[in-house]
Amino acid sequence: MTQVPHPVYPFAAIVGQKKMKLALILNVIYPEIGGVLIRGHRGTAKSTAVRGLVNLMPSIRVVSDCPFHCDPENPQRMCDRCLERIKAGEVLGRIERPCRLVNLPIGATEDRLLGSLDLERALGKGERRFEPGLLAEANRALFYVDEVNLLNDHLVDLLLDAAAMGVNFVEREGLSFRHPSRFVLIGTMNPEEGDLRPQLLDRFGLCVEVSGSKDASERVEIARRRLKFESDPVEFAEQWAAEEKELSHELAKAADRLKHVTVPHEILELAARFSLSFETEGHRSDVTMIKTAMALSALNGIPQVTSKELVQAAELALPHRVKKHGLRHAELNAQKLETLAEAFEEEKASPQAASGHEKKKLTRA
C-alpha cells in the first residue's frame, strides 16, 4: 500500500520572519548567490521555512538513469559517465521530476558526503566503481544542514568547497571521478551552541538572524496556524495551495527576468565602498552583494540594479562579514549603509560640487 506523504507546513503560511524568507527566496531565483546561513533560537521557524521552500522550487529535467541528476541539455554540467555515453553516440533518456531537499546528518562521515569506492562490486567482481554520496544526491537540489555549527569543521570545509565550485572531485583507492554538485546550501544554527569559524561564515552567501516575535497579535496568529496545521495538515496545505502556487510562479518569472538584469558601473563602485567601509576581507562580499541585488531587482521587476536594491542586499550579505575589533561585537549598521548610499549618489549627481565635508562623510561613515 502506497503511503501518502505527510504535507509540510506551507512556506506562504509562515508568519513574520520576512528577512529569512527573502534570503531563501533570493537563493531560489539566483542559486549562485551562495546559500544562506540562518542563526536563531529554537522555535523560530528555521527548519519549517527550509522544508517548505522546496515546494516552491520549479521541477527539473534530468537524465533518467543518472544518479547525479545531470542536466540532459547542458553537457558542461554533466558527470563523467554521461559525457562518455554522449561521446559513444548514445541518446540519453530524460525525465522531469520535482526538486528535492537533501539533509546532511550531523554524524555523517566524509565517505557519506563525498562518495566512495563500491566495495561490494570491487570485492565481488573486481571492478572499481564510484558509490555516490550526499553531494551527488544534492546536485540541483536544496542541501540542508541543521545545526551546521555542530558539524565537523573538516566536513564543513568539504561541503563549502563543493558548493563554491559546483563540482565534486573524488580521489579514493585509485579511483578518480568527477560529477556536478550544484545546490542551494542552507545552514541553520543556534548561536547559544557555538559559532562557526569566520573563514566558514564567509563562505555562506547570505546570513540572517531570526528571533521570536515581540508582537502579541502576531504570536497569536503563529499559534493559531500551527494548531490548525497539526489538527489537519492536508486541509491546511490545501487552504494555502493557491498562494503557494502563485508564489512559485512569481519566483519562476523572477528567475527568467534575472537574465536581463543589468548592473551599472556605479553600483559596482558602491558595493566596493560598502565592503571597504565595513572592513570585510577578500572580495566575496562585493560579488555576493551584487548577485543578491540582481535577484532583488528580478523579483521586483526592475531591469537595472539601483542603490536601493544594493542597500537591501548588503543587509543580507554583510552581517557575518563585518570585521570585529578586539572584544567588540561585530554588527551591521543599516543607517550607515543608507548614509553611504546617499552621499555616493550626491557625489555622482554633482561631482564638481561635492564638498570636502561630503567626501569625508562618505569615506569615514
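The values are calculated or read from the model by the stated rules, or taken from the named source; none is laboratory data. Just so you know, these numbers come straight off a predicted model, no measurement behind them. All Cβ positions, even for glycine, are placed from backbone atoms using ideal geometry, and neighbour counts span all protein chains on display.
In table form, for the structure just shown:
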{"item": "Failed criterion for Val62 (all others in (1) surrounded by fewer than 17 Cβ atoms within 10 Å (Cβ to Cβ); (2) of a type outside the set (D, E, K, R); (3) within 29 Å of Ala237 (Cβ to Cβ); (4) touching a Cys at 6+ places or on another chain (Cβ under 9 Å) hold)", "result": "(1)"}
{"item": "Selection status of Lys245, assigned to a helix (DSSP H, G or I), surrounded by fewer than 17 Cβ atoms within 10 Å (Cβ to Cβ) and in contact with a helix residue (DSSP H, G or I) (Cβ under 6 Å, 6 or more places away or on another chain)", "result": "no"}
{"item": "Restricting the range 334-365 to residues that are surrounded by 14 or more Cβ atoms within 10 Å (Cβ to Cβ) and modelled with pLDDT under 70, the residue that is farthest from Ile38 (Cα to Cα)", "result": "Ala354"}
{"item": "Qualifying positions in the range 248-268 - hydroxyl-bearing (Ser, Thr, Tyr) and not in a helix (DSSP H, G or I)", "result": "Thr262"}
{"item": "Positions within the range 196-225 being touching a residue at least 60 places away in the same chain (Cβ under 8 Å), over 30 Å from Val287 (Cβ atoms) and not acidic (Asp, Glu), in sequence order", "result": "Gly212, Ser213, Ile222, Arg225"}
{"item": "Yes/no for Arg219 being farther than 20 Å from Ile33 by Cβ and of a type outside the set (Ser, Thr, Tyr)", "result": "yes"}
{"item": "Tally of residues being within 26 Å of Asp157 (Cα to Cα) and either more than 27 Å from the chain's Cα centre (by Cα) or β-branched (Val, Ile, Thr) (or both) across the range 67-116", "result": "3"}
{"item": "Yes/no for His260 being without any contact (Cβ under 8 Å) to a residue 40 or more places away in the chain, more than 18 Å from the chain's Cα centre (by Cα) and exposed (fewer than 13 other Cβ atoms within 10 Å of the Cβ)", "result": "no"}
{"item": "Some residue of the range 146-164 being of a type in the set (Val, Ile, Thr) and either exposed (fewer than 13 other Cβ atoms within 10 Å of the Cβ) or modelled with pLDDT of 90 or more (or both)", "result": "no"}
{"item": "Residues of the range 182-224 that turn out to be within 19 Å of the chain's Cα centre (by Cα) and either among the small types (Gly, Ala, Ser) or not assigned by TED's automatic domain parsing to the domain that holds Leu114 (or both), as a count", "result": "2"}
{"item": "Members of the range 105-126 that are modelled with pLDDT of 70 or more and either in a helix (DSSP H, G or I) or under 15 Å from Val170 (Cβ atoms) (or both)", "result": "Thr109, Glu110, Asp111, Arg112, Leu113, Leu114, Gly115, Ser116"}
{"item": "Filtered residues of the range 142-174 (kept if on the phi > 0 side of the Ramachandran plot and touching a residue at least 60 places away in the same chain (Cβ under 8 Å))", "result": "Gly166"}
